[in-house]
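See structure below.
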Amino acid sequence: MQLSVKDAAALLNVSDETVYKWVKQEEIPSHTINEQIRFNRSELLEWATAHNIEVSPDLFTSDQPNRSSMPTLSEALKAGGVVYGIGGADQPSVLRAIVDVLKLPEEVDREFLYQVLQARESLGSTGVGDGIAIPHVRNPVVLHVSKPTVTLCFLKNPIDFHAVDDKPVNTLFTLISPTVRTHLHLLSRLSFVLRNPDIKAALRRQAPHEELMTAITTAELKIQG
């Protein structure tokens, strides 16, 4: 769905004038269609996450049917798992190592997934600051998976991920979703949870699996609806 300036302003809790200013300064991803400024939901949410702009997760899914059937972040993380000690000296080698450990159906082409994740990073780093990155596929349907997963990986050593704050990254959440709607739903919930100081602290010290799951589940309960 292509959003108007008014739509984007409502989602980001700012005025129309602020959105126009960001567009003029080329700070926010936008498109011109038939001489009208339009925004892509996924791009807008990624940008808001990277710039620590508070956005309610419900606003990105409230117009979608069957919201109650959508998976929680906790459920997706339970399916994807938490992996410690991922190796790699740079962005490509880390992404390769992550793809190797993802819980994926046998029919998923891991080499293709690696290339798609690399292509996504070439559009702009998914490093959102504070040592965290969220590598994901911009167009989820190309993978043909049946259920969403979020895999949390901790690196052996921090690496330069070209993050928005230029800090090295050592914590990566990899999202694999069967649909764009599910992708937006999970990304918005992850964005919300990552603003929680308790979650940030647990991630910094690479807390044990059960502690992380409990903290994320508790933080997610604060999302209305």
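Values in this text are rule-based calculations from the coordinates and carry no lab data. Treat the numbers as computed from the prediction; the structure is a model and nothing was measured. Backbone-built Cβ (ideal geometry, glycine too); neighbour counts: all protein chains shown.
With the Cα gyration tensor of the range 129-225 giving a ≥ b ≥ c as the square roots of its eigenvalues, does the rule (a/c under 1.5 for rounded; else a/b larger than b/c for prolate; else oblate) give rounded, prolate or oblate?
On the way: a/c = 1.75, a/b = 1.19, b/c = 1.47.
Oblate shape, in that a/c is at least 1.5 and b/c is the bigger or equal ratio.
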### Task
Would you compute the Debye intensity of the chain from its alpha-carbon atoms alone, equal scatterers and no solvent, and pass along log10 I(q)/I(0) at q = 0.12, 0.13 Å⁻¹ to two decimals?
-0.63, -0.75
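Counting other C-beta atoms within 10 Å, which of Leu194, Leu73 has the fewest, and how do the rest follow? Numbers along the way, then the final one.
On the way: Leu194 21, Leu73 26.
Lowest to highest Cβ neighbour count: Leu194, Leu73.
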### Neighbour-count ranking [beta-carbon atoms within 10 angstrom, fewest first] of Ser4, Ser69
Ser69, Ser4
### Query
Ordered by residue, what ³J(HN,Hα) values in Hz, to whole numbers, does the range 24-32 give under the Karplus form 6.51 cos²θ - 1.76 cosθ + 1.60, where θ = phi - 60° and Gly and Pro are x?
4, 7, 6, 8, 10, x, 9, 9, 10
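Can you put Trp22, Trp47 in order, fewest other beta carbons within 10 Å first? Walk me through the numbers before you get to the answer.
Values: Trp22 18, Trp47 21.
Fewest-to-most ranking of Trp22, Trp47: Trp22, Trp47.
For a 25 Å ceiling on Cα separation, which of these pairs sit above it: Lys78/Lys156; Lys156/Lys200; Lys24/Lys200; Lys78/Lys200? Can you show the working numbers first?
Numbers: Lys78/Lys156 22 Å; Lys156/Lys200 18 Å; Lys24/Lys200 33 Å; Lys78/Lys200 19 Å.
Long pairs (Cα-Cα over 25 Å): Lys24/Lys200.
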